[in-house]
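These notes are about the structure you will find just below.
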């Protein structure tokens with residue numbers, strides 16, 4: 001069977017779409033895409049069956065495959081499936097709907113999700129061959145690639161959490177079930193991050209159920225569990241509070257669902273963040289005053305050490321995080337930089353604002369800045385507070401994400417007289433690292449070591465390094 005463009009007629013109740021019906025099945029296509037579909041051989045069903053459509057196969061199972069084809073200025077994805085699944089058939093009947101093919105279900109899901117404000121891969125062609133009883137024999141689907149969208153794993157959880165919680169509420173209120181709401185299927189429009197509303201997109205939709213019989217709370221828990229299991233930083237307690245009346249009972253159900261998803265998908269549980277003093281010790285006016293009163297001589301030595309690693313001219317934005325009271329602002333301005341001071345402590349950020357002119361409250365783990373938005377990031381006297389490798393790598397990834405040129409950071413070296421004195425005199429709570437450890441963790445975060453300095457090697461424990469952002 002190989003219909004031509006002339007065999008398609010407009011669909012009265014679906015603007016911009018055409019249909020071609022034939023014995024045992026039909027094809028539906030976006031009218032403006034018909035010439036391209038015909039040119040690529042996507043209207044020839046025999047070519048589908050022989051898998052002679054060009055491009056490359058990106059996914060294959062015994063009863064189905066997906067091929068990526070070069071379209072006009074973007075990629076197309078052709079999805080083919082043979083046979084019907086009994087569970088899908090029964091599910092359609094239980095929901096009082098006529099059984100549909102995989103292509104028809106994905107096409108229907110696309111329209112339902114778009115009504116919720118979600119973007120989806122545009123469907124260009126959907127069709128099926130059926131038995132005399134209407135049972136699916138073959139399914140054909142062509143979609144466009146998502147252009148301008150990035151995977152949500154590339155963005156810190158703190159930046160997308162409010163929008164994702166709103167999405168979960170919307171899905172449960174509208175009774176839309178997305179069984180595969182995993183990180184790998186969720187994308188966001190990169191230019192919407194700076195806007196008031198983040199635009200999300202979903203792919204892989206054949207199992208989406210519209211007007212499902214599941215309760216709102218069950219839908220919310222299922223969706224939230226999938227996110228907690230697969231999205232870095234996703235927090236069950238935070239998500240649970242987004243459900244009306246949500247609390248510990250909802251949090252517990254989400255955690256149980258996430259554990260089930262991890263088991264089924266063979267996903268290792270995310271390492272839980274270990275709390276540390278650097279997040280809570282500098283809140284209030286007294287800690288700010290005490291920090292200002294530290295040794296002026298030590299401050300001069302540290303600023304000279306930092307100056308030796310900074311570029312002679314920055315001529316752009318320099319991020320100081322955590323900023324304390326903004327002691328680096330004068331040095332950064334002398335190098336032609338426009339300083340931005342960021343700290344988790346509102347009191348510190350307020351004090352730094354007086355020095356830098358831009359004091360921002362935020363977390364290093366979830367920097368509230370756009371990708372590659374600063375020229376240089378400086379993380380001074382902080383890494384030694386962070387107890388686990390996973391947390392340090394996460395912080396370094398954030399610094400790499402927002403920086404265009406360099407990341408400068410400090411750490412405490414364990415092989416030094418100063419560090420031994422810390423341990424034996426008062427039991428150090430500092431987490432010391434060797435240079436090779438720091439270099440390996442930075443490399444995992446995508447940073448390349450450029451140059452190092454030490455205050456007094458093997459006497460003092462403070463070391464610095466400058467890393468390039470590729």
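Within the range 200-226, track down each residue that is touching a strand residue (DSSP E or B) at 6+ places or on another chain (Cβ under 8 Å) and within 23 Å of residue 365 (Cα to Cα). Matches in the range 200-226: 200 only. Restricting attention to the range 196-208, does a residue exist that is crowded, with 18+ Cβ neighbours inside 10 Å, touching a residue at least 24 places away in the same chain (Cβ under 8 Å) and more than 22 Å from residue 120 (Cα to Cα)? No, that holds for no residue. Residue 128: in the same structural domain as residue 208 (by TED's automatic domain parsing) and either modelled with pLDDT under 80 or touching a strand residue (DSSP E or B) at 6+ places or on another chain (Cβ under 9 Å) (or both), yes or no? So residue 128 fails the test.
Which of the residues belonging to the range 29-52 are assigned to a strand (DSSP E or B) and more than 34 Å from the chain's Cα centre (by Cα)? Residues satisfying the conditions do not exist here. Taken over the range 137-178, the residue count meeting the criterion of being loosely packed, with under 15 Cβ neighbours inside 10 Å, modelled with pLDDT under 85 and over 11 Å from the mean Cα position of the chain (by Cα) is 3.
Would you tally the residues in the range 128-169 being part of a helix (DSSP H, G or I) and over 16 Å from residue 187 (Cα atoms)? Write out each step before concluding.
Initial filter on the range 128-169 (part of a helix (DSSP H, G or I)): 152-154, 157-169.
Going one step further and asking which of them are over 16 Å from residue 187 (Cα atoms), we end up with 169.
Summing the residues that are part of a helix (DSSP H, G or I) and over 16 Å from residue 187 (Cα atoms) in the range 128-169 gives 1.
The values are calculated or read from the model by the stated rules, or taken from the named source; none is laboratory data. Computed from a predicted structure; not experimentally measured. All Cβ positions, even for glycine, are placed from backbone atoms using ideal geometry, and neighbour counts span all protein chains on display.
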